[in-house]
Amino acid sequence: MQFEFLLEQVVNGLVLGGYYLLIALGLSLIFSVGGIVNLAHGAFYALGAYVCVELTKHLGFGPSVVISPFAVALLGILFERFILRRFYAADPILSLLVTFGLAMVAEQAIRMIWGAAPVSTEIPQSFRGSVIVGDFLFSRYRLLILGVVALVMVGVWFLLQKTSFGRVVRAGIQRPDMVAALGIRLQPYMTAIVMLGVGLAALGGAFFAPITTVHPAMGAEIMTIAFVVVVIGGLGSFWGVIIAALLVGVVRGVAIHFEPAAGEASIYILMFLVLLVRPRGLLGERIEKFE
């Protein structure tokens, strides 16, 4: 029974890691292409959850979980066009201050629109209950989330590695001067990356709305863990963020199994150990100044 329960916690940890991954990957992509650490990223996650809850009242959960990420991604166009675009060549401190201020504005706007009290939605009827595999018991909805995250990651990998769009984005990350010399404007690609990043965050909010508390400060709460995942994986590393998110989720799930109060602390201990051995993160680029 001890082993079975531990395995269940590992699977739950993978689901939790997928949850972190949807937020952290978008954060990493925006930093990689634009060089901006977007402190307002959690606000789009919260908006995805709130929009999904609101639409579910009228359309049901299925259409809502699809529409809400696209709606928030469209909002990302305005975010990139009127805010981020001004700071690509500016001092990074300025973008940090602006996105931090925007995150606070977004949180208060959510309070004004939906109120300060938590809201919730229910798990769809068809995904309630559990799936029994041998002696193991797994939540249907959590397995659905795990499957959706896997499909999304395959889709993002294909977009970045196997398409002309992805080739330009990767070239823009590594040699933006050469891309400019070829007459390719990176701004439209940056807009698309911001849309993708905030859309992924909103997708995470939408899918986790039925199993978590939806409240105005949820965006600020998730940002700390998202940064931990990005730092562990390595800034700008696609596979590093994926490995780090799943690792953080599993470590937290297993830690909770042995000591419920140790779940949060285990994440920061893991980050400390990784940075102690590899200051650039698991798959981050070499930093000569520190190594």
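The values are calculated or read from the model by the stated rules, or taken from the named source; none is laboratory data. Because the structure is a prediction, the values reported are computed rather than measured. Positions of Cβ are backbone-derived with ideal geometry, glycine not excepted, and every protein chain shown enters the neighbour counts. When the accessible area is computed, the model is the full protein with side chains, heavy atoms only, and any ligands, DNA or RNA have been set aside. Shrake-Rupley method; radii C 1.70, N 1.55, O 1.52, S 1.80 Å.
Okay, here's what the table says:
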{"read-out": "Nearest 10 degrees, 0 to 90: helix 140-161 Cα axis against the chain principal axis", "value": "20 degrees"}
{"read-out": "Largest-first ordering by accessible area, 1.4 Å probe, given options 58, 41, 215", "value": "58, 215, 41"}
{"read-out": "Check: region 144-291 dipole with +1 on Lys, Arg Cβ and -1 on Asp, Glu Cβ, in debye", "value": "540 debye"}
{"read-out": "Relative contact order, percent, the chain [alpha-carbon distance under 8 Å, six or more residues apart]", "value": "37 percent"}
{"read-out": "Gap separating the Cα centres of region 53-103 and region 203-240, nearest whole Å", "value": "14 Å"}
{"read-out": "Cleavage-rule hits, chymotrypsin sites (Phe, Trp or Tyr not before Pro), region 200-291, DSSP coil, Cβ neighbours within 10 Å at most 10", "value": "290"}
{"read-out": "Virtual paramagnetic centre 7 Å along Cα→Cβ of residue 212, amide N under 15 Å, in region 58-74", "value": "69"}
{"read-out": "Shape call, region 180-278: gyration tensor on alpha carbons, a/c limit 1.5", "value": "oblate"}
{"read-out": "At R0 = 51 Å, FRET efficiency that the Cβ-Cβ distance of residue 157 and residue 111 yields, to 0.05", "value": "0.85"}
{"read-out": "Residues whose placed amide H lies under 5 Å from that of residue 214, excluding near-sequence neighbours", "value": "119"}
{"read-out": "Cα lying deepest toward the dipole's positive end in the chain, options 105, 237, 121, charges on Cβ", "value": "237"}
{"read-out": "Nitroxide proxy distance, nm - points 7 Å out along Cα→Cβ at residue 120 and residue 78", "value": "3.1 nm"}
{"read-out": "Distance in nm between pseudo-label sites at residue 174 and residue 272 (7 Å out along the Cβ direction from Cα)", "value": "3.7 nm"}
{"read-out": "Given (1) 61, 48, 35; (2) 53, 41, 32; (3) 98, 77, 31, the label whose value is Cα extents along the principal axes in Å derived from this model", "value": "(1)"}
{"read-out": "Surrounding net charge for residue 38, when Lys and Arg each add one and Asp and Glu each subtract one, Cβ distance under 14 Å", "value": "+1"}
{"read-out": "In degrees, nearest ten, helix 92-114 long axis to first principal axis of the chain (Cα)", "value": "40 degrees"}
{"read-out": "Exposed trypsin sites (Lys or Arg not before Pro) absent - longest run of the chain, DSSP non-H/G/I/E/B, at most 11 other C-beta within 10 Å", "value": "1-161"}
{"read-out": "Accessible-area composition of region 177-291, carbon plus sulfur, in percent [1.4 Å probe]", "value": "69 percent"}
{"read-out": "Estimated 222 nm signal from helices in the chain, with DSSP H stretches of n ≥ 4 weighted -39500 (n - 2.57), rounded to 500", "value": "-24500 deg cm²/dmol"}
{"read-out": "Solvent exposure ordering (accessible area, 1.4 Å, most first) of 264, 8", "value": "264, 8"}
{"read-out": "Cα gyration tensor shape of region 82-241, rounded if a/c is under 1.5, else prolate or oblate by comparing a/b with b/c", "value": "oblate"}
{"read-out": "Accessible surface, the chain, averaged per residue in Å² (probe 1.4 Å)", "value": "49 Å²"}
{"read-out": "In region 80-166, the GluC sites (Glu not before Pro) that fall in loop regions by DSSP, at most 12 other Cβ within 10 Å", "value": "122"}
{"read-out": "Amide H contacts under 5 Å for residue 282, placed H, 5+ residues apart", "value": "233, 234"}
{"read-out": "Helix axis angle, 41-59 relative to the chain longest principal axis, alpha carbon, degrees", "value": "50 degrees"}
